[in-house]
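*Asks:* Sharing a structure with you now.
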Amino acid sequence: MRFVCLVLLLVGLGCKPIESLESSDTSSTAKSGESVSPQDWKDPQQVQQDLRRVMAATFEGDVDTLLGLTHEKVLEVVDDPEVAREAMRGVLATFQENNVSMDVLEFTTEPYFLESEKSHFVVIPIRMVLTIDEKKVEAIGYEFGQKKKTESEWKYIAGKKVNPQTVGNLFPDFPSDFKFPEMRMNLL
């Protein structure tokens, strides 16, 4: 059971049927070098596609994609990027060694888009079902994304790490009146 908790903590939560992980709708994302209009940042398809990429990378062992989409607040605890890369490789290898798979990945409601003077934020409610050591585990929660208004790409943190108790320390400009979606895990 400790391994189950470790997997859920490290993966975070996510959603859409697994067969949709590979689908890519890039029509709504800005290409490198393009400017992003003020309305473009509220694009549910973009953030949902990003999370599909995060989840696919997690279960395929694609460290580069994961590092590219991971928020610097997660990575700043390690001074050396190669140490972060090796640690992530080790975690993903553990998933493969223990035959961890994702059976269901779905978005439960539309993302919540919020903004402050300098940043855009997104909270993406999700549900996933994992098979871990031949046990089915359902995880309901959310993923958290942030980008500065001057940036075009979102970076993500597992929702478990960003909650009402921690969000003010991580992102002092996050709207204080936001009510985060519930998080829970169930053995199926």
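*Asks:* Considering only strands (runs of 3 or more DSSP E) fully contained in segment 72-141, which possess at least 1 residues that are of a type in the set (K, R) and crowded, with 16+ Cβ neighbours inside 10 Å?
*Replies:* Values: elements: 101-107, 112-115, 119-132.
Result: 119-132.
*Asks:* Mind counting the residues in segment 58-71 that are over 27 Å from P172 (Cα atoms), part of a helix (DSSP H, G or I) and open to solvent by less than 40 Å² (accessible area, probe 1.4 Å)? Please lay out each step first, then the result.
*Replies:* The first filter runs over segment 58-71 and keeps only residues over 27 Å from P172 (Cα atoms), leaving 58-65.
Among the residues that remain, those that are also part of a helix (DSSP H, G or I) are: 58-60, 63-65.
Now narrow it down to the ones that are open to solvent by less than 40 Å² (accessible area, probe 1.4 Å): 58, 63, 65.
Residues flagged as over 27 Å from P172 (Cα atoms), part of a helix (DSSP H, G or I) and open to solvent by less than 40 Å² (accessible area, probe 1.4 Å) within segment 58-71 amount to 3.
*Asks:* If Y156 satisfies every condition in (1) in a strand (DSSP E or B); (2) open to solvent by less than 40 Å² (accessible area, probe 1.4 Å); (3) over 24 Å from V63 (Cβ atoms) but one, which is the exception?
*Replies:* Of everything listed in (1) in a strand (DSSP E or B); (2) open to solvent by less than 40 Å² (accessible area, probe 1.4 Å); (3) over 24 Å from V63 (Cβ atoms), Y156 misses just condition (3).
*Asks:* Please state which of the following conditions L8 fails to meet, knowing it meets all the rest: (1) modelled with pLDDT of 50 or more; (2) hydrophobic (A, V, I, L, M, F, W, C); (3) crowded, with 19+ Cβ neighbours inside 10 Å; (4) not in a loop (DSSP other than H, G, I, E, B).
*Replies:* (1)
*Asks:* Continuing with this model, one more query. As an exercise: evaluate P38 against (1) surrounded by 16 or more Cβ atoms within 10 Å (Cβ to Cβ); (2) at pLDDT 50 or above and give the number of the one condition it does not meet.
*Replies:* (1)
The values are calculated or read from the model by the stated rules, or taken from the named source; none is laboratory data. All values derive from a computational prediction rather than experimental measurement. Every residue, glycine as well, gets a Cβ built from its backbone with ideal geometry; the counts of neighbours run over all protein chains shown. These accessible areas exclude ligands, DNA and RNA; they are computed on the full protein's heavy atoms, side chains included. Shrake-Rupley method; radii C 1.70, N 1.55, O 1.52, S 1.80 Å.
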